[in-house]
There are 2 protein chains.
Amino acid sequence: MKVAIIGYGVVGSGVYDILKENRGGIERRCGQSVDVKYVLDIRDFPDHPEPDIFVKDFGVILSDPEVGIVVETMGGVRFAYDYTKSALEAGKTVVTSNKELVARHGHEFFEIAKKHNCRYLFEASVGGGIPVIRPLARCLAANEIESVTGIINGTTNYILTKMYRDGQSFDAALSRAQELGYAEKDPAADVDGADVCRKIAILASIVLGKRVNCADIPTKGIRNITTADVEWAESAGFAVKLLGRAVFRDGRAGVSVEPAMVRTAEDAHPLGNIWDVYNGILVEGNMVGRVMFYGRGAGKLPTASAVVGDIVDTVRQPDYGEEFSWAEAEGTTFDPAELESEFFVRMKKTALPAAEKALAPFKFIAERNGEIGFITPAMSEAEINKRLSETDGVINKMRVYR
Amino acid sequence: MKVAIIGYGVVGSGVYDILKENRGGIERRCGQSVDVKYVLDIRDFPDHPEPDIFVKDFGVILSDPEVGIVVETMGGVRFAYDYTKSALEAGKTVVTSNKELVARHGHEFFEIAKKHNCRYLFEASVGGGIPVIRPLARCLAANEIESVTGIINGTTNYILTKMYRDGQSFDAALSRAQELGYAEKDPAADVDGADVCRKIAILASIVLGKRVNCADIPTKGIRNITTADVEWAESAGFAVKLLGRAVFRDGRAGVSVEPAMVRTAEDAHPLGNIWDVYNGILVEGNMVGRVMFYGRGAGKLPTASAVVGDIVDTVRQPDYGEEFSWAEAEGTTFDPAELESEFFVRMKKTALPAAEKALAPFKFIAERNGEIGFITPAMSEAEINKRLSETDGVINKMRVYR
């Protein structure tokens, strides 16, 4: 099997490295060797051990009948879209780590792949090296999936961990993440939630078999989370985590991206102890209950490992398979504000009597620095917003997960 | 697709229930309906809603060409072996939750299944409803697996959790587990480690592609764990967990079953926060790093959910697939005593000078009730046994996982 890698950045070069490093095992599992015949990149790599494999013209790859798999690790949408489409139309399977492209155009690519009996695979697009797409689609096939909740962005989880453990401010923790290469110079896609939004859209789309559009997902990042929020959470036995969440009801999904308070103390929530750059994806099925997948959600080799897993799967089973796909559809979502949960509310202390009237009985209440914090009974967000509108002095509120 | 269930106990009846309850979704995912045509059990179920499906003669199932899948949820080896063998020879796929049979005779069944182009599937045999067999075999195909470490027995994890949280003795915690139905009247298979041994043998066999025999796995249960052990662990920031572990080197596996001290405090080990009846399976790959799978490792519906997942997979892809199998082989294991780790040692206080001479520098040392406890530098078990043989007063020692 000959492979072409388009985009020789962090993940693309990781794919090359793994195919070299684990060559023997991969060949054994595939029943044949898997070689990189081309690498497409606009940059030059003069010191690369195989300089002859680099090309700048995608046409070379497209017209070579030996190339059965194209690895798209370019990122972005514009060129990646065209290359992916042409490759699939030429009957070449495309394996990608590009969550933006999968979330936006996956439904088109599945149709093309089906028509040309090849595949469009994207295990690496969510959760880095953690196997989650396949287990979700296949191993849990016996279940009606009730919800998928994930810490699926390592950058923000690292920042929130620094804030929790070291009492750092958001800005200081972000700077540190940038120094370590965990956050990009422009961290917007991570810290404002767009990255999580794409990933949870992909997971929700697989479960439904219908496209969930990012535009229909209310998305809130962590830029406004303060050390006070984090300390309040800790004092109540929780930590602030950025969650992507999809709840399924009657063939539709209520999907959201927002910071929430997740139980870390005794009887912790399974996502409560996911720290640093690690990711965790919690799936609830009507028969299996709670199942969680955990590991490094980003990084060169973990993500490339998921890409190579898709390559091996393709060699073993080259035919199109319905189960990892979804179709364009209307009305696939409902407003996640309808979903009920407990809420943690921080208020000015003076507002306590009004808050008690509107929201008691509380499950937790404490006072810190002239503020009160409490956990409400379970209710919808619409309901709590209505009740809070009657009181002044709300500083922050977050959903509670236990 | 017509299915026969042999053995209508907890798991078998769960399979029946899921095929009814989630009928619509399963039919959609399979592209056809899946019906239970026969149930074989020696008992009578006069109040069952479908009394006509019950049979007492396996010949009825075997000779019915409509039956494509036999679900073996009988447990035990004697009858289950014969039925499984005849079903596979008749070209019927067998899906099982019977870890004892898989561990002992899996290699024979894979050969028969290959010859008759059907399958022998066993996702439910390890980790109940947690998808672990498939992710291990397939999604991590890009990696050389370095180790698999699991809390894979819910009963013992429940007992150890009770001892840790409530300070109960082993006997009291076991009684409570029996009251709740988590432990059997004769708890030997769970508390003495045989169940974990079968499961880790299965996981190790998949990774190697060669059979790891339970007889080659040194197996220690938790019957001798005392509240003092558990309290010592807690005071050092650890908990005692029963671990099945396989480490892979040069095509062989060092496999063990033993209680160990797993880090729960800050910078916890991923298995440190698996409590109650939950299971966790940690896989280390040379590219992906640490990945963990978590969920309910036992129970009617979670386990049945894994069986039904295998049924759906069979309907979609009925042909034999090499990747979930292993062959009989010699010399597949090495002695896990060769593996290096830190050790926690409890001793009489009077032995401290000798212990320091033999084992220092210590990473942790404390005194409780006239005893000392300490954590040694990393070394092999053979080495620590040699060094400890020169000192008196050793009360207990356990491997340390962080």
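At-a-glance table
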read-out: Residue list for segment A:18-55, filter: buried (at least 17 other Cβ atoms within 10 Å of the Cβ) and assigned to a loop (DSSP other than H, G, I, E, B); value: A:22, A:34, A:41
read-out: Out of B:15, B:94, B:70, B:10, sole residue that is touching a residue at least 24 places away in the same chain (Cβ under 8 Å), within 14 Å of chain A (Cβ to nearest Cβ) and surrounded by 21 or more Cβ atoms within 10 Å (Cβ to Cβ); value: B:15
read-out: Every residue from segment B:277-299 that is more than 9 Å from chain A (Cβ to nearest Cβ) and within 28 Å of residue B:178 (Cα to Cα); value: B:277, B:279, B:281, B:297, B:298
read-out: Residue that is nearest to residue B:274 (Cα to Cα), among those in segment A:232-276 that are of a type in the set (Asp, Glu) and touching a Phe, Trp or Tyr at 6+ places or on another chain (Cβ under 9 Å); value: A:267
read-out: Output for segment A:99-132, where each listed residue is touching a Leu at 6+ places or on another chain (Cβ under 7 Å) and under 21 Å from residue A:145 (Cα atoms); value: A:126, A:131
read-out: Residue match in segment B:327-338 (condition: touching a Gly at 6+ places or on another chain (Cβ under 9 Å), aromatic (Phe, Trp, Tyr) and more than 22 Å from residue B:27 (Cβ to Cβ)); value: yes
read-out: Lone unmet requirement of (1) buried (at least 24 other Cβ atoms within 10 Å of the Cβ); (2) over 18 Å from the mean Cα position of the chain (by Cα); (3) away from chain B (no Cβ under 11 Å) for residue A:257; value: (2)
read-out: Residue in segment A:118-131 that is farthest from the other protein chains (Cβ to nearest Cβ), counting only those that are under 16 Å from residue A:325 (Cβ atoms) and in a loop (DSSP other than H, G, I, E, B); value: A:118
read-out: Hits in segment B:356-377 - residues which are in contact with a Pro (Cβ under 8 Å, 6 or more places away or on another chain) and exposed (fewer than 13 other Cβ atoms within 10 Å of the Cβ); value: B:361
read-out: Condition broken by residue A:328, with the remaining ones in (1) over 30 Å from residue A:4 (Cα atoms); (2) more than 9 Å from chain B (Cβ to nearest Cβ) satisfied; value: (1)
read-out: Number of the exception - residue B:308 against (1) touching a helix residue (DSSP H, G or I) at 6+ places or on another chain (Cβ under 8 Å); (2) within 7 Å of another protein chain (Cβ to nearest Cβ); (3) assigned to a strand (DSSP E or B); value: (3)
read-out: Failed item in (1) surrounded by fewer than 24 Cβ atoms within 10 Å (Cβ to Cβ); (2) in contact (Cβ under 8 Å) with a residue 12 or more places away in the chain; (3) not acidic (Asp, Glu), with residue A:212 passing the rest; value: (1)
read-out: Unmet requirement for residue A:147, which otherwise passes all of (1) in contact with a Gly (Cβ under 8 Å, 6 or more places away or on another chain); (2) assigned to a strand (DSSP E or B); value: (1)
read-out: Failed item in (1) exposed (fewer than 15 other Cβ atoms within 10 Å of the Cβ); (2) touching a strand residue (DSSP E or B) at 6+ places or on another chain (Cβ under 6 Å), with residue A:328 passing the rest; value: (2)
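Yes or no, residue by residue, for (1) closer than 28 Å to residue B:300 by Cα; (2) surrounded by fewer than 20 Cβ atoms within 10 Å (Cβ to Cβ); (3) within 14 Å of chain B (Cβ to nearest Cβ):
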{"residue": "A:195", "(1), (2), (3)": "no, no, no"}
{"residue": "A:201", "(1), (2), (3)": "no, no, no"}
{"residue": "A:217", "(1), (2), (3)": "no, no, no"}
{"residue": "A:220", "(1), (2), (3)": "no, yes, no"}
{"residue": "A:232", "(1), (2), (3)": "no, no, no"}
{"residue": "A:238", "(1), (2), (3)": "no, no, no"}
{"residue": "A:251", "(1), (2), (3)": "yes, yes, yes"}
{"residue": "A:270", "(1), (2), (3)": "yes, no, yes"}
{"residue": "A:273", "(1), (2), (3)": "yes, no, yes"}
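Each value in this text was obtained by applying a stated rule to the coordinates, not by laboratory testing. In this text, all values refer to a predicted model and were calculated from it rather than measured experimentally. With ideal geometry, Cβ positions are generated from the backbone for all residues, glycine too; neighbour counts draw on all protein chains shown.
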